[in-house]
Amino acid sequence: MSSMDMPAQAPGPRATSTGRPTAAKPAAPLMTWMTLALMTTSSVASLRAAPTMAVYGLACVFLYLIPAIVFLLPTALVSAELASGWPGGVYRWVSEGLTKPLGFLAVWCQFAMTIFYYPSLLAFVASTISYVIDPALASNGLYTAIVIMVLYWTGVWVSSRGTKALAGLSSWGLIIGTLVPGTILVVLGLVFLGQGNPSAAPMTASHLLPQWAGLASLVLIVNNFLSYSGMEMNAVHVSSLKDPAREYPRSMFLAMGLVLLIFILPALAISWVVPGNQLSLTAGVMQAFDAFFSHFHVGWLTPIAAVMLVAAALGGMLTWLAGPSKGLLEISRSEGYLPPYLQKLNKRGIQQNILVTQGVVTTVIALLYALIPNVSNVYWIFSTITTQVYLIVYLLMFVAALRLRRTQPDHPRGYRAPALGVLCTVGFAASVAALVIGFVPPSQFGGGNVLSYIGIIGGGLVILGLLIPLAFLKLRRPSWRRPEPATGAAAEEGGAA
């Protein structure tokens, strides 16, 4: 998470009078709707998921638009109403709308999804680095596992130092690792096609829709739900707009358009030059860069592109590393959800024990890359488990929003989502559909054992998303509560995270 994820305070009244007959007026808005749109774009858009959809060629447009309409838009508008009425994030929303234990489940799942998110993100980093060293390493599981462990523990060390410079990493990540390489990829692709070279994927109207070959042919769409996750983080800034009712929807529609462009165009560019049956889900972006640069005889640019992508991915990891764990820490200290060991802070006020414990689990998960031959399969499994766990957050959020509108209709809200019932119903149904589809192996999974796949995905979801938080609630003791606030350093770093 970035500094943009911290709750913005609503503009308050001025303390002094200027002699005017009116009461003290609100302070000037903290941001414009355009600024919020760009912030949202930077926190959601990424090139990492492009190879996943490039497999479908022109059909990736359809596969990106559908979740944007049925998931991205409802999530953005519903979370805006919740954030403008109940500051404090998903724990507060679910606790107020449902119960505190379910609020803990929501904030736990928001944290737990990162346990599988980091290995899949760092697997992408490992495959990208391989193009600087030796492209053959991209499919080497042992190499991938080592890179994941080294980079994650380095990230823990950096985060435990309380580096305030982390606050600006997300903005630079959007420019250095997304906008610039994404633009280069698309421009090279257009020039490549303009020269008369054939596209590796058919670009005719008959290929706008994915070919139906059972549920497996559509299952990759589930990954797009996680690609769009994060919209609820920036909803906390809705009260900082001058006219939230008009400007917030405008901001979200612009952000949605920008996110779609960043997702769709690079995916198409990759499909133009890399055949689907040769595409790696982790190294696909670098495969495309390598192919384009080789075609235009500028192969020396390949390592530079790799460094840009790695810098952005690592920046994203660092900005996310402390955020979810910080939120879990604060809730656990006030309500006693976690044992004292996990609530302990280091001398800089950072939740180091949570990060280290998470690191042990991440290390075990990383070793699976060394044990399972196909790196793309492992990457897909971890991405799917991440999505499944995070979808629990959205299911709870949509139900809580409906109940709050019904039970607290007069509660002050800076923004009221239009047709809230429709938005929540569509968003909830889409989340359930994604949850179900996630148990179907994708057609690119290579014909592995279906029951094993379902067992792994289901086991990850049940253990990580349900059993562990229930165990914490069951074992909870009054002595675990530490209502005193974290140190100033911790609070300060929470803003940087």
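The values are calculated or read from the model by the stated rules, or taken from the named source; none is laboratory data. Because the structure is a prediction, the values reported are computed rather than measured. Cβ: placed from backbone, ideal geometry, glycine included. Neighbour counts: every protein chain shown. Just the protein is used for accessible areas: all its heavy atoms, side chains included, with ligands, DNA and RNA removed. Shrake-Rupley method; radii C 1.70, N 1.55, O 1.52, S 1.80 Å.
Taking all protein chains as present, what is the carbon and sulfur share of the accessible area of segment 353-475, in % to the nearest whole number, probe 1.4 Å? Present the calculation step by step, with values, prior to reporting the outcome.
On the way: 3910 of 5200 Å².
The nonpolar share, carbon plus sulfur, comes to 75 percent.
Based on the Cβ-Cβ distance from Thr357 to Leu261, what FRET efficiency comes out when R0 is 51 Å, to the nearest 0.05? Don't skip to the end; give the middle numbers.
Working: r = 39 Å, r/R0 = 0.77.
Efficiency, from the Cβ-Cβ distance: 0.85.
If the viscosity is 1.567 mPa s and the temperature 4 °C, what Stokes-Einstein diffusion coefficient in µm²/s follows for segment 394-466 when Rh is the Kirkwood radius over Cα pairs? Don't skip to the end; give the middle numbers.
Numbers: Rh = 14.9 Å.
My calculation gives 87 µm²/s for D.
Obtain the nm distance between the two label points defined at Ser294 and Ile133 by a simple spin-label model: each point lies 7 Å from its Cα along the Cα-to-C-beta direction.
If labels sit at Ser294 and Ile133, their model points lie 2.1 nm apart.
Sticking with the crude label model, points 7 Å out along Cα→Cβ, report the distance from Arg403 to Arg250 in nm, one decimal please.
Going by the 7 Å Cα→Cβ label model, 3.6 nm.
Figure the gain on full extension for Ser452 and Phe62 (residue separation times 0.36 nm, minus the Cα-Cα span) and round it to one decimal in nm.
Separation in residues times 0.36 nm, less the Cα-Cα distance, equals 137.4 nm.
Tell me the net charge near Leu473. Cut-off is 15 Å between Cβ atoms, Leu473 excluded, with +1 for each Lys or Arg and -1 for each Asp or Glu. Intermediate results must be reported in sequence, preceding the final value.
Working: positive: Lys100, Lys474, Arg476, Arg477, Arg481; negative: Glu335.
Charge balance near Leu473 sits at +4.
Subtracting the Cα-Cα distance from 0.36 nm times the residue separation, let me have the gained length for Val422 to Ile372 in nm, one decimal.
Details: separation 50, 0.36 × 50 = 18.00 nm, distance 4.32 nm.
Full extension of this stretch gives 13.7 nm more.
So if R0 is 25 Å, what FRET efficiency would Tyr341 and Val462 give, r being the distance between their Cβ atoms, rounded to the nearest 0.05?
On the way: r = 25 Å, r/R0 = 0.99.
Rounded to the nearest 0.05, the efficiency is 0.50.
If you roll a 1.4 Å probe over the heavy atoms of the protein chains, what accessible area per residue do you get for segment 280-392, in Å²? Intermediate results must be reported in sequence, preceding the final value.
Details: 3580 Å² over 113 residues.
Here the residues of segment 280-392 average 32 Å² of exposed surface.
How big is D, in µm² s⁻¹, for segment 367-433 by Stokes-Einstein at 25 °C and 0.890 mPa s if Rh is the Kirkwood radius over C-alpha pairs?
Values: Rh = 14.5 Å.
The calculation lands on 169 µm²/s.
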